[in-house]
1. Helices (runs of 4 or more DSSP H) wholly in region 16-86 with at least 2 residues that are surrounded by 15 or more Cβ atoms within 10 Å (Cβ to Cβ) and more than 42 Å from the chain's Cα centre (by Cα) - which ones?
2. So for region 366-380 (the condition being without any contact (Cβ under 8 Å) to a residue 12 or more places away in the chain, under 25 Å from the mean Cα position of the chain (by Cα), surrounded by 14 or more Cβ atoms within 10 Å (Cβ to Cβ) and within 24 Å of residue 424 (Cα to Cα)), does at least one residue qualify?
3. State yes or no: is residue 613 modelled with pLDDT under 90 and exposed (fewer than 15 other Cβ atoms within 10 Å of the Cβ)?
4. How many of the residues in region 381-406 are closer than 18 Å to residue 433 by Cβ and part of a helix (DSSP H, G or I)?
5. Can you name the condition, by its number, that residue 497 falls short on among (1) farther than 21 Å from residue 330 by Cα; (2) part of a loop (DSSP other than H, G, I, E, B)?
6. Name, by its number, the condition in (1) surrounded by fewer than 17 Cβ atoms within 10 Å (Cβ to Cβ); (2) touching a strand residue (DSSP E or B) at 6+ places or on another chain (Cβ under 6 Å); (3) over 30 Å from residue 520 (Cβ atoms) that does not hold for residue 355.
7. Please count how many residues of region 858-879 are without any contact (Cβ under 8 Å) to a residue 60 or more places away in the chain and touching a helix residue (DSSP H, G or I) at 6+ places or on another chain (Cβ under 8 Å).
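The values are calculated or read from the model by the stated rules, or taken from the named source; none is laboratory data. All values derive from a computational prediction rather than experimental measurement. Counting neighbours? That spans all protein chains shown, and the Cβs are built from the backbone with ideal geometry, glycine included.
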């Protein structure tokens with residue numbers, strides 16, 4: 001089956017021997033390239049002059065005599081017009097203006113492309129806006145009056161804007177189309193060459209005027225790519241526009257309509273494939289391509305209905321594809337360097353009198369670009385921020401203790417941007433530093449990214465110099481986002497070799513034997529009712545402006561035209577319901593199934609990734625001599641109760657923390673953490689009680705300590721985190737909680753003393769260490785720890801461990817000694833008995849005595865004593881005796897022997 005372009009060339013050559021004298025006008029530049037290839041194939045044996053081949057945009061530009069300006073420049077020119085028109089009215093700044101002006105410019109664009117009478121249109125529009133507000137209240141508020149005034153003045157804004165652009169011989173796209181349609185009759189008077197219009201579908205009014213004028217002047221031929229299946233079915237949107245031209249153009253009253261072929265009804269293999277997620281679509285497309293022979297890839301097109309799938313698709317292409325032509329650019333906003341400048345703007349857009357917010361600083365430092373700029377200094381800065389718990393950071397703090405050569409870089413990154421000009425200057429200097437620090441061979445791709453951002457900031461500088469409206473960082477950021485979102489990195493490649501990877505619009509006039517289309521989902525193909533316009537639907541209908549119905553018909557034509565000559569078609573859609581473009585397959589898929597043609601072999605599939613059955617195997621670490629040597633070292637130095645309870649909780653945690661020495665990474669605490677609160681309370685109580693060691697405590701001592709609570713808590717919070725603000729927010733609440741904990745504890749002590757009890761402090765924060773005799777092990781074993789408090793209450797010795805968390809009585813009462821080292825619930829009992837045994841063994845303490853916990857979250861229970869009982873309802877024995885230690889040591893030695901057994905691996909526990 002011949003391609004459409006080949007049919008056009010064949011027809012022309014039959015009618016005209018001098019192809020070189022023709023002017024071809026096509027929907028896109030890419031279609032023009034493929035037309036040249038068809039001409040070359042047919043004239044490979046002789047030399048000839050190529051005809052003039054123009055895209056419709058190029059022809060319109062030539063016809064209008066204007067130069068097209070981009071969206072950003074259009075916005076600035078319109079802002080100037082806005083400021084100089086009706087100067088007595090209040091005007092908005094550029095940032096607010098930009099939020100609505102882009103949409104209004106698009107409406108201007110539409111009005112001009114469809115050659116609408118502007119005066120009557122804007123009069124109609126302002127009347128509608130007035131009617132929308134007349135019923136709100138009898139007297140319109142000042143805000144409503146300003147709103148209606150704006151719509152009443154809209155024609156003046158449009159007219160002055162158009163005149164301003166025309167005086168400079170420039171224009172936005174719609175203005176070029178309107179001017180081209182006005183100039184067409186002058187153009188025809190001097191036109192000598194025949195014009196060939198190829199492969200068009202939906203024409204705006206300006207294009208219709210131009211095309212009909214050329215046809216009626218007999219200096220043009222037009223070739224449509226229509227199919228009888230769609231033209232004959234009046235309900236079918238694929239021929240909505242072509243049917244209208246065929247029936248209503250005067251030209252076709254005397255001339256035949258070229259062409260209506262019957263290609264869609266030919267033999268086709270159509271595969272409808274649903275797959276979860278966008279990444280799944282990319283992977284499936286790669287798998288389909290892997291099954292296509294190399295020789296057939298040039299006749300294959302992979303069409304992305306959703307162009308944001310470009311990167312996932314590129315990463316999913318099989319190695320068998322050695323040549324690829326990509327017709328769409330990579331959005332600049334998706335390259336890695338883009339995120340770096342995004343973070344810089346986020347850092348400098350909002351300033352705080354205390355300094356730079358640590359999260360934003362860390363995000364900048366953790367970006368790859370900071371590694372290129374700062375090298376190892378980056379890790380030093382990150383470490384400093386976390387170690388010193390800097391929530392707000394000054395430039396001077398960042399620059400301290402670093403090499404001189406990097407101080408300039410730090411200043412460029414983190415010195416406050418005073419205005420837009422300084423921001424631009426800093427960003428351009430950063431670009432130069434990035435360029436100097438990247439290796440040309442190893443970082444060629446990154447250098448390409450940096451070069452494009454060099455162009456972006458040069459463009460921003462030109463705009464800011466030309467138009468004096470961008471002064472704030474916020475307005476510069478808005479402009480930067482507009483430029484980056486609209487810019488792309490173009491791929492270079494041979495346009496006719498290998499697989500063709502394209503968007504829907506690039507497929508116009510092109511035909512392929514195998515077509516793969518992704519994102520064939522409702523909301524993507526077609527896009528649906530996402531009309532971004534200030535023009536109401538009824539007004540659009542009244543002036544025959546395109547609505548979502550016409551835009552859906554455009555998608556319909558492109559979709560069906562792309563597959564009408566194909567032999568194999570793969571339509572991939574996302575089955576996951578994840579908002580727009582997910583879950584619901586396109587109406588085109590349903591339509592294919594309902595309109596099923598005998599020659600179409602339609603297959604439905606649901607694809608999914610192969611998911612291996614993973615059995616959750618616990619992590620197992622076999623012990624070797626190196627690990628055993630570390631265990632011996634720990635045993636000689638002294639195993640702490642915390643280390644032992646860590647092993648009870650999860651042996652793998654013990655392995656990571658105590659064998660490998662892996663600690664939790666430091667994090668900046670913006671809000672005081674639970675462990676920090678515990679440290680502060682422990683240290684405050686140590687300071688308060690330390691002077692009373694070996695003394696009896698009096699009520700006056702307690703009252704004196706209560707008076708020192710505020711000072712002590714403040715001191716220890718400052719000592720832990722000197723920069724942390726404890727005067728407001730959550731930290732103030734936590735500060736007050738710490739004070740309340742200590743106050744309540746001291747009041748409970750005071751109550752004991754006033755009730756007649758005597759209290760003597762023996763030791764505070766006492767370091768203890770003692771040896772365990774384990775004959776089964778051939779190395780010495782010690783346990784060590786720091787006991788919070790040892791005292792005598794009414795002559796009875798007590799070993800006390802403070803806990804800021806909540807501890808219940810049941811946590812320290814044991815019924816079965818075997819459970820002590822099996823159940824982590826009894827970890828508090830393991831700890832407190834370890835302190836008790838060390839005190840008993842090292843200081844010849846007479847038995848019996850008490851050992852237990854004071855829980856600050858459960859102070860009403862008082863001193864939670866360790867105890868044992870024989871049955872659930874049995875009496876609890878709270879005395880710590882040598883018999884208790886015998887049972888405890890038996891379990892403790894079993895635990896340490898297990899840790900030291902070379903044949904028993906560390907096995908992860910399910911927590």
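1. Details: elements: 29-42, 56-64, 71-84.
The helices (runs of 4 or more DSSP H) meeting that bar are 29-42, 56-64.
2. yes
3. Values: modelled with pLDDT under 90: yes; exposed (fewer than 15 other Cβ atoms within 10 Å of the Cβ): yes.
The answer is yes for residue 613.
4. Step one: list which residues in region 381-406 are closer than 18 Å to residue 433 by Cβ, which gives 381, 395, 398-399, 402-406.
Going one step further and asking which of them are part of a helix (DSSP H, G or I), we end up with 381, 395, 398-399, 404-406.
Residues in region 381-406 being closer than 18 Å to residue 433 by Cβ and part of a helix (DSSP H, G or I): 7 in total.
5. That leaves (1) as the condition not met.
6. Residue 355 satisfies every listed condition except (1).
7. Of region 858-879, the ones without any contact (Cβ under 8 Å) to a residue 60 or more places away in the chain are 858, 860-861, 864-875, 877-879.
Subsequent filtering for residues that are touching a helix residue (DSSP H, G or I) at 6+ places or on another chain (Cβ under 8 Å) retains 861, 864, 866, 868.
Looking only at that region, the number is 4.
So that you can scan it fast, the table gives a plain yes or no per residue for (1) modelled with pLDDT of 95 or more; (2) surrounded by 14 or more Cβ atoms within 10 Å (Cβ to Cβ); (3) in a helix (DSSP H, G or I):
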position	(1), (2), (3)
109	no, yes, yes
138	no, no, no
148	no, yes, yes
187	no, yes, yes
212	yes, yes, yes
